Amino acid sequence: MAEKKIRIMSPRGLIIPKQIAGTEKDLCVEPHKPVSVPESYGRSLIENRFAVAYGAAGKSAEPQAATGETTG
């Protein structure tokens with residue numbers, strides 16, 4: 001059974017390890033370019049604020065702090 005995928009993007013770009021990407025070399029992803037990764041890996045990047053989820057409608061799920069609003 002294939003692992004479930006999630007689409008993410010990063011404002012700074014990402015380097016996806018070759019073991020995660022399933023390629024011969026590490027995958028370099030440009031800033032703001034969405035990429036599909038295994039859900040567990042993508043969720044860890046989102047939780048650590050290296051990336052945001054990329055919505056199905058073409059919009060990213062930006063964290064509140066990225067919109068200029070401050071929290072507590």
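The values are calculated or read from the model by the stated rules, or taken from the named source; none is laboratory data. Source: prediction; values computed, not measured. Glycine gets a Cβ as well: all are built from the backbone with ideal geometry, and neighbour counts include every protein chain shown.
Here are a few things to note about the model shown:
- Within the stretch 31-48, the set of residues being within 10 Å of the chain's Cα centre (by Cα) and in a loop (DSSP other than H, G, I, E, B) comprises H32, K33, P34.
- Any hit, the stretch 17-30, residues being assigned to a loop (DSSP other than H, G, I, E, B), in contact with a Gly (Cβ under 8 Å, 6 or more places away or on another chain), surrounded by fewer than 14 Cβ atoms within 10 Å (Cβ to Cβ) and at pLDDT 95 or above: yes
- Residue count, the stretch 13-45 (criterion: within 16 Å of E3 (Cβ to Cβ) and in contact (Cβ under 8 Å) with a residue 12 or more places away in the chain): 13
- In a residue-by-residue description of the stretch 53-69, the property of being at pLDDT 95 or above and touching a helix residue (DSSP H, G or I) at 6+ places or on another chain (Cβ under 8 Å) applies to at least one position.
- Among the residues making up the stretch 1-10, a single one is assigned to a loop (DSSP other than H, G, I, E, B) and in contact (Cβ under 8 Å) with a residue 40 or more places away in the chain: S10.
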